[in-house]
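For reference, the structure is listed below as structure tokens.
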Amino acid sequence: MKFINTLALLALIFECQFSAAKTVPNDEAVSNVISEKTSTVKAVASNEVTDAEQNLNESDVEEEVDGVSDVEEVVEDSGVEEVTENSDFEEISQGVEEPVVPIKPSKDQKVAPKINLTPVDFEFIKDSKVMATLYIDERESEYDGISLIAQALKSDVARVIGDKVDNEGNATESENGLKIETNAANLSGKIIVAGTFGEKGNDVINQLVKDKKINLENLNGRWESYQMQVVKAPIEGVDEALVIVGSDKRGTLYGMMHVSEMMGVSPWVWWSDALPAIQSDVTLPGEDCNVISKEPSIKYRGIFLNDEAPSLTTWTNKRYGGRNQYFYRQVFELLIRLKANYLWPSMWDDVFSADGEGDTLANAKLADKYGVVMGTSHHEPLYRAGKEWGRNYRNDLPYTSGQAWNLYNIPGQENYHPEVNKEIEEFWDGGVSRNRDFENICTVGMRGEDDSTLPAADDPPRYADLLNYIINTQKDILKAHNDTNPTQLVIYKEVEDAWYAGELYNKDCMKDTYAMFCDDNWAYMRTLPTLEQQKQIAGSGMYYHFDYVGAPKSYTWVQNTQISTIWDQMSIAYDYGIEGVWIANVGDLKPMELNIAYFLDLAYDYEYLGVEGEKKLDEYKKNWAKQQFSRKDGRGLTDEQCDEVAYLIDRYLDLETKRVVEHVLYNTVDTCSDMYSIDNYNEALNILAECDDIMNRTEALWAEVPEELKANFYQLVYYPAMAVPNVLKIQIYAALNNKYAKLGLTIANKYAKLCQEAIDLDNELFDGYNEEMPGVIESGKKWSGMISCGQNYHIGLQAWDRDSGKLPDLMTVEADASSTEMEVLVENITGSFSTIYTTGEAKLPTFNNVSDETFEIQLLTKGGAYEFEAKADEWIKISDATGKVTDEQKVKVSVDWSKVKEDSEGSIVLTSGEQVVKVNVEAKVIDEAKLESKTYVMTHDYATIDVANFSKKVDGKGTNNQGKVVDNKMIVIPDNGKYLTTVRTTSSTITYETVEDLKDAPYVEYKVYVPAKGTFNLESQFNPTSNLIYGEEKLRYGISIDDGEIDIINTLVPDYLAGTWKQGTWASDIENNSRRSFKNDITLDEGVHTIRYYQCDPNLALIRMTLFKGKLATVYGSPAESTFIKN
């Protein structure tokens, strides 16, 4: 394929559907603009042709068109190198920008890829002194935002060379630091030039275009992109320039922050105190500083600051006196560093556009300078914050403000009150009048007051008609103010019924309005638009959650979403055309750093991170850890230590994924509805061991962290990786305390003590974050109040209210020193350590040679000490033969298989004085010749399968939602779901309705060895995903055993509805983070059997299988993975 002139070709092919905040002209226009803009810029002699000019202009430009869908941009060797970051070039479907056109993405949007230019290194810092002056043109139209990011770049340079930066990240003036110049006549030596181009652009850049020193042909018309390249002798008196040209304001700002990235500065440099290495010499590598950046994959990418009390509000009140421009300056800068462009501001008790200090509009004005597109949340139409209606309501009507709001109606209908409509419309009009001049996405529609449900929502067709009238009325108000910002309806909760059942998508109000779909508030998709619906609207968006306040329970404490879930669900949304807007509810912003970074990076570069993204998750996590902790001076963490950082973050997120730890309740242990079992399958004890391992490894790594990185490490790793498992330990210790106390055993007091110590540690960690942060940042008090969700917010939540937490009730056993009786408890598969033996016989679970397990005997007391002796058959190994019990003694039991060649029975005899307890031991020898490779072995009447360990995987094909037959494969998503591996299909738009359809479907197979003939049941567990098609409560899978008939089984109950606790199983599924389904009464002979699994519907994800005999005992998750024969 040949290089395609994007401007000339694609402007003819594609309808232009977007525009930037400012018009970007073509090169010819740029060349005609120089006269007054370049009066102070002297060009070099015409015969001084630069390398960049030769490289960019000597190559022949040809056009090759083979259908619109096949258009690719491929760059020849002459001056512009082939794109190497992505092996697949992306389609370009952008037209030339038109002035005064509302910003909206095109249908089937694809984006222009990154282009690598001829690499030329740029020496930036030498001997701790900056070698180049930064030039920005104060007369260019985007100077306001460029000047702000110039100061951010100056501060980053100061950090790198070791100059002082104040608490808000502002650099002090320094002889060696970066100088910012706004007068081109003063330029000499080496410079960096940053700005846009064209009539209102940077004068030096315009001169370089006119003199053909730079060629912006491939930048022109792009959205939020920059061209960065080194130019020799750019203008008279200047030897060398690093030129940063933005296609628009944000493109320029992203380019400037790319310089910071090349110096090793993390986007989280201020927000997580990720201090960069101090370096005496910095050369920007040619392959990184000579590029044309890709266009963002998703047009608008941002975050929502929500549920901000008490943490964010406490911190900002202390530091800034509220959520004013001083606070938002830090938010806006972070968004630019993360290449984001969109924000919903805090709104619980805030009014973004009225809370500026000194100037009520200061927040909005500052956002506009930074180029941050502002919006309001799903229930805040026409730029009005949720609290504004109650504050602005004139109380001149016989209704409360909430009653009046909910009375808004269509003229002529029953209960129409013209005076209500008039006052509400005047209220909306005031919002538009205030904010129309800023770049926004305007929320339209209407929910009930205070984010509740409107009465009309009970009748979806009526509600759809009402919304159609409301939105058209709102658009008339916007039009009257000449407000051309995009409009957006958020399809949240009951609005979904109006959208589908009321056919709101087919109403005229949606013809040029975004439809923003929503997850279920727990990071899993609800319904997504059909192809027909996608054609009816301007574009689609997604409102996603990392934080939530509401039923069934709130979660607002720490980060708890695996990034694999973000990829899984957002890639499905992308497949359904959700390419216009992505926004995530991030709560207080901190401590959601990794989730925010990955979500925004995925939105910016879906072509890399999204396509086959399951293969890139581990790489992303490790690279993100290096970005925060690896330093170029060698004083940061090593690559191996950064890998351990990624591992520890994974591990605590895995605990949160099993069940949000705030929701674990020790006193539900009998039913395991909210608690791991302390009796069955060693479930709680395995979790306890995992918690100990995470905390021990965290402490070990903490000891190796340099002092200057302590604050950063504490925030991103130490606090959550210690606090999350510690909260689980509180609940497990409490359950064990209660269990043993009811048996009258003094070991209960040990667990009460451990529980109290964990409670104390929680307070210590809490205080450490807020008031005693280790390291060198602001005496440890920078983040005072940022973690204000105390124990009532994150331990033992009793209800949906996020402050309904309760510490466990602990029990004390009064020790009886005269009670010297030996109290024996034995481990079992179910009902473990539940019965006290003081005489008689007990039995351990059956041992087998394949699993080679170890079981335990506990010797406990009711207060008095005693001595014991244990004797066992010679093939039985015991850890302790004698001892004295004052509190507890654990005797480990295993089998010496070198002495056991056939099934055997034996015993361990425990004696203490006159007491004798016999513990029977049975050993089964499984004929290993019967076991095939990649086979699970059933023991103890069950075989639990890790779904990644399939014995066979077969690719297939199917018909997608466009009627095309496409390839379809089974993939494994690593570190996903409560058991850490997930299997699903690559396609999220193929449905297999019948058994006949499944003949071409992909599948996986699992092999299980069954030791004896019997009747068995198969439990399959899935992520708690939901049906993507409205009204079709189907998430089905197919199962066949040993090539038998395929059974298609639906995992959803008939009244299932995502996002509501009022019906179906969603509420329990989402809290358990799994959904169970069964195939029962399977007759199997002794031997190896094959289970074949098909996925019938999109958005179904298999996470666990357990084949079992009889009935599984009560357990929160599942029995642990069984023995797997790999070879």
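If the condition is being polar (S, T, N, Q), touching a residue at least 60 places away in the same chain (Cβ under 8 Å) and either out of contact with any strand residue (DSSP E or B) (no Cβ under 6 Å at 6 or more places or on another chain) or assigned to a loop (DSSP other than H, G, I, E, B) (or both), then the range 447-494 contributes Thr484, Asn485. The listed residues are Thr835, Thr846, Thr839, and the only one of them that is closer than 30 Å to Thr939 by Cα, at pLDDT 95 or above and in contact with a His (Cβ under 9 Å, 6 or more places away or on another chain) turns out to be Thr846.
Which one of Ile857, Ile876, Ile945 is buried (at least 18 other Cβ atoms within 10 Å of the Cβ) and under 20 Å from Ile1091 (Cβ atoms)?
Of Ile857, Ile876, Ile945, the one residue that is buried (at least 18 other Cβ atoms within 10 Å of the Cβ) and under 20 Å from Ile1091 (Cβ atoms) is Ile945.
Confirm whether Ala150 is over 36 Å from the mean Cα position of the chain (by Cα), part of a helix (DSSP H, G or I) and assigned by TED's automatic domain parsing to the domain that holds Ser280. Criteria not met by Ala150. Checked against (1) in the same structural domain as Tyr1009 (by TED's automatic domain parsing); (2) crowded, with 18+ Cβ neighbours inside 10 Å, Val917 meets all criteria but (1). Taking (1) over 17 Å from Glu439 (Cα atoms); (2) more than 32 Å from the chain's Cα centre (by Cα) in turn, Trp499 satisfies each apart from (2). Considered as a group, the residues in the range 164-193 that are among the acidic types (Asp, Glu) and under 35 Å from the mean Cα position of the chain (by Cα) include one that is surrounded by the fewest Cβ atoms within 10 Å (Cβ to Cβ), and that residue is Asp166. I'd like to check something: does the range 1103-1121 contain any residue that is assigned to a loop (DSSP other than H, G, I, E, B), acidic (Asp, Glu) and within 16 Å of Thr944 (Cβ to Cβ)? Yes, the range 1103-1121 contains at least one residue that is assigned to a loop (DSSP other than H, G, I, E, B), acidic (Asp, Glu) and within 16 Å of Thr944 (Cβ to Cβ).
The condition (being outside any loop (DSSP other than H, G, I, E, B) and either at pLDDT below 95 or farther than 19 Å from Thr556 by Cβ (or both)) is satisfied by just one residue among Ile759, Ile730: Ile759. Of the residues making up the range 514-533, at least one is under 25 Å from Val661 (Cα atoms) and among the hydroxyl-bearing types (Ser, Thr, Tyr). Of the listed requirements (1) farther than 13 Å from Trp268 by Cβ; (2) modelled with pLDDT of 95 or more; (3) in a loop (DSSP other than H, G, I, E, B), Trp582 misses just one: (3). Give the range 433-453 a look and list any residue that's surrounded by fewer than 22 Cβ atoms within 10 Å (Cβ to Cβ) and closer than 24 Å to Gln403 by Cα, or say none. Across the range 433-453, the qualifying residues are Gly448, Glu449, Asp450, Asp451, Ser452, Thr453.
Only residues that are surrounded by 16 or more Cβ atoms within 10 Å (Cβ to Cβ), β-branched (Val, Ile, Thr) and farther than 29 Å from Thr638 by Cα: list them for the range 651-686, please. Once the filter is applied, which keeps residues that are surrounded by 16 or more Cβ atoms within 10 Å (Cβ to Cβ), β-branched (Val, Ile, Thr) and farther than 29 Å from Thr638 by Cα, the range 651-686 yields Val660, Val661, Val664, Val669, Ile678.
Listed by first and then second residue, the pairs with beta-carbon distance under 9 Å, at least 6 apart or on different chains, first residue in the range 1056-1069 and farther than 21 Å from Arg1036 by Cβ and not assigned by TED's automatic domain parsing to the domain that holds Arg659, second among the aromatic types (Phe, Trp, Tyr) and surrounded by fewer than 17 Cβ atoms within 10 Å (Cβ to Cβ), are Trp1061/Trp800; Ala1067/Trp1061.
Answer yes if at least one residue in the range 308-326 is closer than 22 Å to Tyr143 by Cα, in contact with a helix residue (DSSP H, G or I) (Cβ under 6 Å, 6 or more places away or on another chain) and in contact (Cβ under 8 Å) with a residue 24 or more places away in the chain, and no otherwise. There is at least one residue in the range 308-326 that is closer than 22 Å to Tyr143 by Cα, in contact with a helix residue (DSSP H, G or I) (Cβ under 6 Å, 6 or more places away or on another chain) and in contact (Cβ under 8 Å) with a residue 24 or more places away in the chain.
Taken over the range 727-765, residues that are touching a residue at least 40 places away in the same chain (Cβ under 8 Å), within 36 Å of the chain's Cα centre (by Cα) and farther than 18 Å from Leu665 by Cα amount to 1. Among the residues of the range 1047-1100, those that are over 29 Å from Gly1014 (Cβ atoms) and outside any loop (DSSP other than H, G, I, E, B) comprise Trp1066, Ala1067, Ser1068, Asp1069, Ile1070, Glu1071. The residues of the range 343-369 that are in contact with a strand residue (DSSP E or B) (Cβ under 7 Å, 6 or more places away or on another chain) and within 20 Å of Tyr143 (Cα to Cα), listed by number, are Ala364, Ala367.
Just one of Thr944, Thr1015, Thr994 is part of a loop (DSSP other than H, G, I, E, B) and among the hydroxyl-bearing types (Ser, Thr, Tyr); which is it?
After applying the criteria, what remains is Thr994.
Scan the range 1039-1049 and tell me whether some residue there is touching a strand residue (DSSP E or B) at 6+ places or on another chain (Cβ under 6 Å), in contact (Cβ under 8 Å) with a residue 12 or more places away in the chain and at positive phi. Within the range 1039-1049 (the criterion being touching a strand residue (DSSP E or B) at 6+ places or on another chain (Cβ under 6 Å), in contact (Cβ under 8 Å) with a residue 12 or more places away in the chain and at positive phi), the answer is yes, since at least one residue qualifies. The single residue among Ala700, Ala723, Ala689 that is of a type in the set (A, V, I, L, M) and crowded, with 18+ Cβ neighbours inside 10 Å turns out to be Ala723. Across the range 476-495, the qualifying residues are those that are farther than 18 Å from Thr376 by Cα and at pLDDT 95 or above, and the one among them that is farthest from the chain's Cα centre (by Cα) is Ala480. Taking residues in the range 686-704 that are not assigned by TED's automatic domain parsing to the domain that holds Gln715, and partners anywhere that are modelled with pLDDT under 95, not one pair has Cβ atoms closer than 8 Å while being at least 6 places apart or on different chains.
Exactly one residue among Arg384, Arg394 is in contact with an Asp or Glu (Cβ under 9 Å, 6 or more places away or on another chain), among the basic types (Lys, Arg) and not in a strand (DSSP E or B), and that residue is Arg394.
The values are calculated or read from the model by the stated rules, or taken from the named source; none is laboratory data. Model, not experiment: these values are computed from the prediction. Note: ideal-geometry Cβ built from the backbone for every residue, glycine included; neighbour counts use all protein chains shown.
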